[in-house]
Every structure is written in C-alpha cells, then in structure tokens.
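Below is one structure, written out as structure tokens; comments come after it.
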Amino acid sequence: MERLIPALALLLVVVVVFLLMRRGWAQRTAAQAGVPAPARPLEGTPVIHGPVDGMYVATTAAGDPYDRIAVHGLGLRTSADVVVTDAGIVIDRAGTGDLLIPWADVTGVRSSQGMIGKFVEPDGLVVIGWTLGGTALESGFRTRAADARTPLITSIRRQIEED
C-alpha cells in the first residue's frame, strides 16, 4: 500500500501533463486556422533534382524556429524525400501527404544548425523559406547523406535565380 499511493500520484501527474500537451496543441491548431492548406504536387512534372532522401523536420513561422505550424500536418516530423521540379519544391512526407512549394512562393534557401525538434551539426539542415497565403514560413529538411545537402541547396538557389 505504501508504494501504491506514490505510483498513483505519479500516474496522475503523467496523465495531467499529457492532457495539457494535447490542449496546447489544439489551441495552437485553432490559432493557426487561417493558414491555408499547402498545394499538392501535380503528377508528371519534370524533375530537375532528386529525390533526396531524409527527414522533414517541421515548418515554422519565418524568423522564429520555435513557432511550429501545427495545421495541415506541417508541424509533424516524418521521413521524406525532396524533389526539385519545374513547378516547385515537392516534399513527399511519409504518412502526412505530399506538399508542393511553388517557385513563386519560395523566398530563399539556407543551411542551419537547427529548428524546433531537430538540432544537428552546423549547416546540417536545409531550411526553405516560403509563403503560404501571406504567411511567411520556413520548412526544415535533414538529408540522410551529408553530401546530398549542398547539391540540393545549389539546385534550389539556381531555380530561384531563374524564376
């Protein structure tokens, strides 16, 4: 009996923490309800570079790597492939659906050490700046192979300059 009460108290604390986390995520989603759904890629668009295998880290508000965008699955970390196409940047996210960042919406690309949910060696993440319905965003991607990072960034920069 002397172990049962502390165990139940600990269980109660864990349940309360999880409920508060769920409530916080729901409030974040409600606050971001005005962010439109991202475009979906078109089949058969010519590929310029890729696919590059890696991990989609998250999408955050531009300039704030800790302000995760929770709507439309943009805040969920998952395995992904990035493909640079004539239409834009396609991020094929496992389990959450593909998204297309049209070239007209891409504002830049850079490397970074981290953003919410993932911190790595210096310049270990590819961060794509873009706009969605007037909201400035940044999406992070971690390539599985380190030597795939620079060619991906170069390919995106080349397309931005041409567009």
**OP:** Please find, among A62, A70, A39, the residue that is in contact (Cβ under 8 Å) with a residue 40 or more places away in the chain and not assigned by TED's automatic domain parsing to the domain that holds T154.
**Re:** A39
Original post:
Could you list, in sequence order, the residues of the range 111-140 that are out of contact with any helix residue (DSSP H, G or I) (no Cβ under 8 Å at 6 or more places or on another chain) and either at pLDDT 90 or above or small (G, A, S) (or both)?
Top reply: S112, G114, G117, V127, G129, G133, G134, A136, L137, E138, S139, G140
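For the range 70-81, state whether one or more residues are in contact with a helix residue (DSSP H, G or I) (Cβ under 9 Å, 6 or more places away or on another chain) and within 17 Å of I153 (Cα to Cα).
no
From the residues in the range 77-92 that are outside any loop (DSSP other than H, G, I, E, B) and of a type outside the set (A, V, I, L, M), which one is surrounded by the most Cβ atoms within 10 Å (Cβ to Cβ)?
In this case the residue turns out to be G88.
The values are calculated or read from the model by the stated rules, or taken from the named source; none is laboratory data. Since the model is a prediction, treat every value here as computed from it, not as a measurement. Backbone-built Cβ (ideal geometry, glycine too); neighbour counts: all protein chains shown.
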